[in-house]
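In what follows, a structure is listed as structure tokens, so that the remarks can point back to it.
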Amino acid sequence: MMRVGLSLMVVLCAVGMRGQDARTVTEPVIPAACVTLDAMLSVSGTGHSGAALAAADEGKLDTERIQKAIDKCAKGKGVELAVKGTANAFLSGPLELKPGVTLILDKGVTLFASRDAKVFETVPGACGILAQKRGGCRPLISVRDAPHSGVMGDGVIDGRGGDKILGKDVSWWDLAEQARPGGGQQTFRLIVAENSDDFTLYRITLKNSPNFHVTYGHGDGFTVWGMKIDTPQRLARNTDGVDPGNGAKNITITHSYFRQGDDNVALKGGTGGITNVTISHNHFYWGHGMSIGSETNGGVSKIRVFDLSLDGPDNGIRIKSNGSRGGLTHDVRYDDVCVRNSPNPITLDTGYSAAGTEKGDLPPTMKDVTLHDVRVVGGGKISFNGYDKEHRVGVNLDGVLLTDDVANYKYSLNHADVVLGPGPVNLTLPAGDDSTVTGTAGAGSAKSCAEKFVAFPDGQK
């Protein structure tokens, strides 16, 4: 049984001092269960994505009994999924959380997503195919108009993105690769929250989503605390970790460990924009880094990222947009960040071509961006690329240090205004195109990053 009612209520100390989430964020408490559902399936060996079910169990869905329990559960309570003897697995199609109800996964429990595309399809034949039109699949867990709900516990939710879709000779990730030249894959996301204030993810492990792991939009209050995302690097295209945005505000992502096949975190400033975000005390590994964008057309502001390690990502600190989806990104601060072995450790770029055309009617501007106490090792390219003379990148580098041979780094500087100092900076910035470098960097050496680069937790086995 899950121990509930945890007494530990730790205030996120930096929120009041440096964070931008306007809430007072404390460590979540797992609610008491309204009902406990015992597992009836067992993990059986390994598949392409990791843990697997026996082939004979693939049709034994737990969807109905889990959903009925959620529907009957009182607000403020949780539906608990528990181990029973050797049974430790549940198998489900789409689930819908209700207001005030939390889904709780005990330690040792794995909730597997069904490999049957039909159970996720929004209309017959729409899911598990290649098609340009979006919206063919429902998410595994939908959180729509469900304030004060959550997903918590020390168990695992496994989307099995690398395993073959039932009745097909391709996996969800294979579809994503087939769509790479310009098509669109109809695959499902693990958790999609919309119009759900005060939504919480706590201690849960997410694995192998066919598409984005978590999105959160049009809500006030989103907390991610102590969560792990563990998905392969090269095989799992479009598997973003946590993507808040599009009308979202007051967001905290903290004490978490993410590695997956796309952005570790991407703050989406599309329709409605995004504001008041605190990202603190986290460790990111492989993936596409700590990203803002590519959508910034709704505006991005009041973002604070601090105490972060990025170990081996394709990109480190990254703000990306382009002329088809750009807007104003401002009041953004990174503090106490360590980046190791990234080909692109620092990138502020307005020509993100993978999102669409580089030019368009929505040119992006980035200003009032501060990098403070940022240390980089392992070489790579550092870019500050504005859109044009009127739509620029403005950044202050204050205590930004390369801690190995500065000859290992390349630079791109266009339509940018870079201010150095007052802390030390040892970047060798070129003159660039229509760019300025002003200010005076102070003297000093970088603090060690040794304590930040920790191994990814083993997680749930």
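The values are calculated or read from the model by the stated rules, or taken from the named source; none is laboratory data. Treat the numbers as computed from the prediction; the structure is a model and nothing was measured. With ideal geometry, Cβ positions are generated from the backbone for all residues, glycine too; neighbour counts draw on all protein chains shown. Surface areas here come from the heavy atoms of the whole protein model, side chains and all, with no ligands, DNA or RNA. Shrake-Rupley method; radii C 1.70, N 1.55, O 1.52, S 1.80 Å.
Taking first residues from the range 10-33 that are aromatic (Phe, Trp, Tyr) and partners that are at pLDDT 55 or above and not in a loop (DSSP other than H, G, I, E, B), no Cβ contact under 8 Å between residues at least 6 apart in sequence or on separate chains turns up.
Screening Ala22 with (1) open to solvent by 50 Å² or more (accessible area, probe 1.4 Å); (2) modelled with pLDDT under 90 gives one miss only, at (2). The set of residues in the range 446-461 that are open to solvent by 80 Å² or more (accessible area, probe 1.4 Å) and either among the charged types (D, E, K, R) or in contact with a strand residue (DSSP E or B) (Cβ under 8 Å, 6 or more places away or on another chain) (or both) comprises Lys447, Glu451, Asp458, Lys461. Candidates Ala431, Ala407, Ala443: the one that is part of a helix (DSSP H, G or I), surrounded by fewer than 20 Cβ atoms within 10 Å (Cβ to Cβ) and of a type in the set (Gly, Ala, Ser) is Ala407. For the range 180-193, the criterion of being part of a loop (DSSP other than H, G, I, E, B), of a type in the set (Phe, Trp, Tyr) and open to solvent by 10 Å² or more (accessible area, probe 1.4 Å) is met by none of the residues. For the condition closer than 21 Å to Glu194 by Cβ, touching a residue at least 12 places away in the same chain (Cβ under 8 Å) and of a type outside the set (Asp, Glu), Lys84 does not qualify. Taking the criterion of being over 18 Å from Leu397 (Cα atoms) and more than 27 Å from the chain's Cα centre (by Cα), the residues of the range 417-461 that qualify are Asp433, Asp434. Of the strands (runs of 3 or more DSSP E) entirely within the range 247-364, those holding at least 2 residues that are crowded, with 24+ Cβ neighbours inside 10 Å occupy 248-254, 265-267, 274-284, 290-292, 300-311, 315-320, 328-340, 344-349.
Remark: pairs (first residue in the range 106-127, touching a residue at least 12 places away in the same chain (Cβ under 8 Å); second residue of a type in the set (Asp, Glu); Cβ separation under 6 Å; 6+ apart in sequence or on different chains) = Lys107/Asp154; Thr110/Asp158; Phe112/Asp158; Arg115/Asp163; Cys127/Glu121.
If you go through the range 163-173 and keep only what is more than 16 Å from Ala55 (Cβ to Cβ) and either among the aromatic types (Phe, Trp, Tyr) or open to solvent by less than 10 Å² (accessible area, probe 1.4 Å) (or both), you end up with Trp172, Trp173. The conditions of being over 20 Å from Val224 (Cβ atoms), in contact with a Phe, Trp or Tyr (Cβ under 6 Å, 6 or more places away or on another chain) and modelled with pLDDT of 95 or more are not met by Gly167. Within the range 374-390, the set of residues being open to solvent by less than 50 Å² (accessible area, probe 1.4 Å), outside any strand (DSSP E or B) and either at pLDDT below 95 or within 18 Å of His330 (Cβ to Cβ) (or both) comprises Gly386, Tyr387, Asp388.
Inside the range 55-66, residues that are touching a Gly at 6+ places or on another chain (Cβ under 8 Å) and either over 18 Å from Arg138 (Cβ atoms) or open to solvent by less than 60 Å² (accessible area, probe 1.4 Å) (or both) make up a count of 1. Of the listed requirements (1) of a type in the set (A, V, I, L, M); (2) under 22 Å from Ile251 (Cβ atoms); (3) out of contact with any strand residue (DSSP E or B) (no Cβ under 9 Å at 6 or more places or on another chain), Leu362 misses just one: (2).
Take the conditions (1) hydroxyl-bearing (Ser, Thr, Tyr); (2) under 26 Å from the mean Cα position of the chain (by Cα); (3) farther than 23 Å from Val300 by Cβ; Thr403 misses just one of them, which is (2). Would you check if there is a residue in the range 164-174 being farther than 20 Å from Asp243 by Cβ, among the charged types (D, E, K, R) and in contact (Cβ under 8 Å) with a residue 12 or more places away in the chain? The answer is yes, given that some residue of the range 164-174 is farther than 20 Å from Asp243 by Cβ, among the charged types (D, E, K, R) and in contact (Cβ under 8 Å) with a residue 12 or more places away in the chain. Residues that are closer than 16 Å to Gly289 by Cβ, in contact with a strand residue (DSSP E or B) (Cβ under 9 Å, 6 or more places away or on another chain) and among the polar types (S, T, N, Q) are absent from the range 242-255. Residues of the range 203-219 that are of a type outside the set (D, E, K, R) and surrounded by 22 or more Cβ atoms within 10 Å (Cβ to Cβ): Ile204, Leu206, Asn208, Ser209, Pro210, Asn211, Phe212, His213, Val214, Thr215, Tyr216, Gly219.
Residues checked against (1) without any contact (Cβ under 8 Å) to a residue 40 or more places away in the chain; (2) of a type in the set (D, E, K, R):
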{"position": "Asp198", "(1), (2)": "no, yes"}
{"position": "Lys207", "(1), (2)": "no, yes"}
{"position": "Pro210", "(1), (2)": "no, no"}
{"position": "Ala248", "(1), (2)": "yes, no"}
{"position": "Ile253", "(1), (2)": "yes, no"}
